[in-house]
Amino acid sequence: MSKRTPISFEFFPPKTDAGAEKLRTVHQELQRLNPEFFSITYGAGGSTRERTLAAINDFNGQGTPVAPHLSCIGDSKLRIAELLDLYKRQGIDRIVALRGDLPSGQVGLGELPYAQDLVRFIREHSGDHFQIEVAAYPEMHPQAENFDADIKRFIEKVNAGANAAITQFFFNPDSYFYFVERIQKEGIHIPVAPGIMPITNASNLIRFADGTGAEIPRWIRKQLQAYGDDTQSIKAFGHEVILKLCERLIDGGAPSLHFYSMNNTEPTRQLVIDLGLN
Ligand code: FAD
């Protein structure tokens with residue numbers, strides 16, 4: 001029997017008490033699918049610091065490891081060091097290290113302007129305590145000069161001490177396979193987990209894709225537009241498209257799948273079950 005592909009789920013820190021309560025239920029439901037870890041995002045410049053910490057406190061020690069995201073742009077080494085020390089005391093041993101995006105109007109990149117600076121700083125400050133995950137962009141980071149330049153920056157980030165990567169979401173599996181092939185040719189063999197964004201709502205998807213530079217293939221965009229307000233059809237189509245994407249990724253050797261749950265149990269749960277990964 002082939003080995004089950006590991007899965008992980010991403011949450012963002014809720015803004016309200018009701019959101020936090022709902023997320024506890026989602027966490028319980030998704031935990032039953034035996035994920036490797038849950039990750040919790042962190043707003044650039046420390047903008048969600050307290051809320052990220054509250055979510056980490058809610059879920060740490062509940063059976064499945066939690067991995068805080070940590071972004072560096074606009075933040076200070078001192079504040080980042082405090083968080084690293086706190087996480088270490090709490091028994092956390094995995095961090096998703098990112099640059100982040102400064103809110104418009106905010107200037108000043110801070111002491112660590114790029115993710116590679118953060119990775120280097122974590123290694124200097126905490127040694128090998130943390131498994132460090134970094135972001136990867138099969139369809140290129142939107143601010144990169146070109147694909148080759150982005151690959152070069154990615155490799156620098158790995159050489160600074162990253163152990164693994166999670167990708168931005170994408171719908172074209174070939175872009176993922178090409179990315180992995182390119183870094184392997186450069187001697188980089190860390191696991192790169194595809195980031196999977198379930199499709200449930202056309203306008204949200206287009207908004208996220210526009211913000212992240214992820215490409216929505218024309219055939220998907222047109223079909224979603226054609227469904228209009230027919231949410232049942234959008235969900236059924238979205239399920240089919242993402243299921244096929246995941247199957248191709250697993251068949252092609254993806255080491256694990258990281259689901260952007262958007263703080264909802266469905267449709268992630270159904271995808272995991274239909275893939276036989278629970
Ligand atoms: P970097 O790796 O630093 O790259 C950013 C850009 O700078 C790229 O274009 C790169 O080519 C270029 N670059 C890198 N190094 C240099 C250098 N030395 N000189 C010049 N150019 C350079 N954002 C959040 O705020 N909070 C989160 O919790 C969060 N979670 C995420 C999780 C995942 C899995 C992913 C894929 C993204 C996440 N993001 C998050 C978004 C991320 O912060 C943005 O995409 C951000 O714009 C880039 O972050 P990075 O870590 O990839 O940056």
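The table below lists the values:
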{"quantity": "Options R207, R120; residue that is of a type in the set (D, E, K, R) and modelled with pLDDT under 95", "calculated": "R207"}
{"quantity": "Test for T200: is it in contact (Cβ under 8 Å) with a residue 24 or more places away in the chain, assigned to a loop (DSSP other than H, G, I, E, B) and surrounded by 14 or more Cβ atoms within 10 Å (Cβ to Cβ)", "calculated": "yes"}
{"quantity": "Residue in the stretch 43-90 that is surrounded by the fewest Cβ atoms within 10 Å (Cβ to Cβ), counting only those that are among the polar types (S, T, N, Q) and closer than 25 Å to P113 by Cα", "calculated": "S76"}
{"quantity": "Cβ-Cβ under 7 Å pairs, at least 6 apart or on other chains, the stretch 2-14 side assigned to a loop (DSSP other than H, G, I, E, B), far side modelled with pLDDT under 95 and surrounded by fewer than 23 Cβ atoms within 10 Å (Cβ to Cβ)", "calculated": "P13/T48"}
{"quantity": "Residue, nearest to the chain's Cα centre (by Cα), within the stretch 134-163, restricted to residues that are closer than 12 Å to V119 by Cβ and in a strand (DSSP E or B)", "calculated": "A135"}
{"quantity": "Boolean, L109 is within 13 Å of the ligand (Cβ to nearest atom) and under 18 Å from the mean Cα position of the chain (by Cα)", "calculated": "no"}
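Results for (1) within 12 Å of the ligand (Cβ to nearest atom); (2) at positive phi; (3) surrounded by fewer than 20 Cβ atoms within 10 Å (Cβ to Cβ); (4) hydrophobic (A, V, I, L, M, F, W, C), shown as yes or no for each residue.
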position: N34; (1), (2), (3), (4): no, yes, yes, no
position: G127; (1), (2), (3), (4): no, yes, yes, no
position: Q131; (1), (2), (3), (4): no, no, yes, no
position: V134; (1), (2), (3), (4): yes, no, no, yes
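The values are calculated or read from the model by the stated rules, or taken from the named source; none is laboratory data. Small disclaimer: the values here were computed from a predicted structure and weren't measured. Because the Cβ atoms are built from the backbone with ideal geometry, glycine has one as well, and the counts that use them run over all protein chains shown.
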